[in-house]
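All of the numbers you see were taken from the coordinates with simple rules; none came from a lab. Given the structure is predicted, the values throughout are model-derived calculations rather than measurements. Here the Cβ is made from the backbone with ideal geometry for all residues, glycine too, and neighbour counts use every protein chain on show.
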Amino acid sequence: MPHQSLSAESKSPAVETFLLGQVPYVRCLELQQRLVQQVSQRDDGQVVVLICEHPEVITVGRGGRPSQVSNESQRIRSGQIAVHWTNRGGGCLLHCPGQLAIYPILPLRWHGMLLGEFLRRFQAALIETVVELGVQVQNISHERGKYGVWGRTGQLAAMGVGVRDWVTWHGAFLNVSPALGLFRLIQTPSPMSSLAAERCGVIRMATVRAILVRRLTDALGCDRYHLYTGHPWL
């Protein structure tokens, strides 16, 4: 059951948020593709957000290069850690347990947004989440498409968004408590860090999710959300 109820006076659609647990990247990508098609055919401004963790996998977006992936790792050469080329913005990213993958599926035209505004709102939600958790963020630059969140110890969140039929998909990746040594498998412009490293202690994933859902709902201009565990299409 959703955690919030509908309001008869509300003007904006609810954000339908699905907490998926740990899901293989390819299965989540297929789910996104189905949802993009569904949302693009609706006329009510429906917003869907998927939140999950992925088993260890590397994805390379439109700004990535093969040279960013380590060619010395036996785990990559053997296929134990797969590498997927994907049609999203951004470069080479590593995903693993302890990192939250956040995928908003939003019809831009219905909400009167251009992609740049969506990216700024999305980034603002990530920053507000990190700040509410007591972590200080560094100055952010939007120049040259530089979106993400950085703390004193390194990059905390990366963004790689795609658009199909004016509907957003793919998303952002917030490092809560991943094994940071895994990021040596790829080359990144900034050293990668995590909320746990910034706070020098344990941080509950459920706490991060709860704040993130609320902040993202506000940032997208919606006044309520419905929260579900799992998705019937998985």
Largest first and rounded to whole Å, the semi-axes √(5λ) derived from the alpha carbon gyration tensor of the chain read 28, 20, 17
In terms of the charge dipole of the chain, which places +1 on Lys and Arg and -1 on Asp and Glu at the beta carbon, the residue among Ser73, Thr153, Val130 farthest towards the positive end is Ser73
Amide H contacts under 5 Å for Ala82, placed H, 5+ residues apart: Ile58
Given Cβ point charges of +1 (Lys, Arg) and -1 (Asp, Glu) and nothing else, what value in debye, to the nearest 20, does the dipole of segment 15-229 about its Cα centre take? 380
Placing +1 on each Lys and Arg Cβ and -1 on each Asp and Glu Cβ in the chain, then taking the dipole about the Cα centre, the residue among Gly45, Gly181, Gly230 whose Cα reaches farthest towards the positive end is Gly181
Under 12 Å, Cβ to Cβ, from Thr207 - net charge with Lys/Arg +1 and Asp/Glu -1: +3
Give the order of His111, His170, His226, His54 when sorted by the count of other beta carbons within 10 angstrom, beginning with the fewest. His226, His111, His54, His170
